[in-house]
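Asks: Just passing along the structure, written as structure tokens.
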Amino acid sequence: MVEPEVLPLLRDRRSVCEYDEAHDLGLDELTSLLEAARWAPSAGNSQPWAFLVGRRGDAAHQLFAPLLAPSVRRWAPAASALVFALHQVASGPEDDATAYSDYAAYDLGQAVAHLTVQAAALGLATHQFAAFDHDGLAAAAGVPVHWSVTTGIAVGRGVTSELVPRTRRPLTEIAYGARFGTPL
Ligand SMILES: Cc1cc2nc3c(=O)[nH]c(=O)nc-3n(C[C@H](O)[C@H](O)[C@H](O)COP(=O)(O)O)c2cc1C
């Protein structure tokens, strides 16, 4: 069967586990990634996201790396940057604080999706991960209680020698018509 057309950037993206330690993430590249996230849509334009960034070798990276779970520590510190994605979980205490939106987690996921596609367009690989000490990271970085550190994202130049085929559930199991469970 001929595979239906999907944008090559999306088709070829994969969560890379091997990174080129000779690659440093330039400030222009980093800014481009964060701008892509910043321009994501969000409920009521609430923009309930924030990012913590450590580039390999800097103080933030040294703070973050020990907080990764062993499974992630095997590959993520070799990436050029560790980015942590945060979303708001309550309204802030300040008078002018942005109000909490029930869609904050959804919005953050979309912002990170934009970041990963921008990374792919720049020839960079990404790998999101949840396996890290969330509370430890929030404490170490002074994250206010109305924010949640949600995921980490390793960003760098991927080494593609370890490419494995990706798998997904078929459309018949995820896309329905009028009745949930009945394939489109
Ligand atoms: C929210 C989230 C959490 C994830 N956590 C981990 C993780 O802790 N460790 C890991 O190796 N990969 C993690 N992944 C990567 C997924 O395993 C990966 O995206 C999935 O297997 C599909 O592979 P692909 O991204 O190459 O298409 C995570 C991905 C997401 C979106």
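Readers should treat all values here as calculations from the given coordinates under stated rules, not as data from a laboratory. It should be emphasised that the depicted structure is a prediction, and the values quoted were computed from it without experimental measurement.
Asks: Show me the three semi-axes of the equivalent ellipsoid for segment 29-124, from the C-alpha gyration tensor (sqrt of 5 times each eigenvalue), largest first, rounded to whole Å.
Replies: 26, 17, 12
Asks: Running a GNM on the chain with Cα contacts under 10 Å, which residue among Ala97, Ala131, Ala111 ends up with the highest mean-square fluctuation?
Replies: Ala97
Asks: Now a separate question. Each residue of segment 43-54 in order: what ³J(HN,Hα) in whole Hz does its phi give by Karplus 6.51 cos²θ - 1.76 cosθ + 1.60, θ = phi - 60°, with x for Gly and Pro?
Replies: With coefficients 6.51, -1.76 and 1.60, one gets 4, x, 6, 6, 6, x, 10, 7, 9, 10, 10, x Hz.
Asks: Rounded to a whole number of µm²/s, how large is the Stokes-Einstein D of the chain at 37 °C and 0.692 mPa s, given Rh as the Kirkwood radius over C-alpha pairs?
Replies: My calculation gives 184 µm²/s for D.
Asks: For the chain, what are the DSSP H helices with axial Cα length of 15 Å or more and mean Kyte-Doolittle hydropathy of at least 0.0?
Replies: Helices meeting the criterion: 27-38, 104-121.
Asks: Right, another one. Quick one: Kirkwood hydrodynamic radius for segment 78-184, alpha-carbon pairs, angstrom, one decimal?
Replies: 16.8
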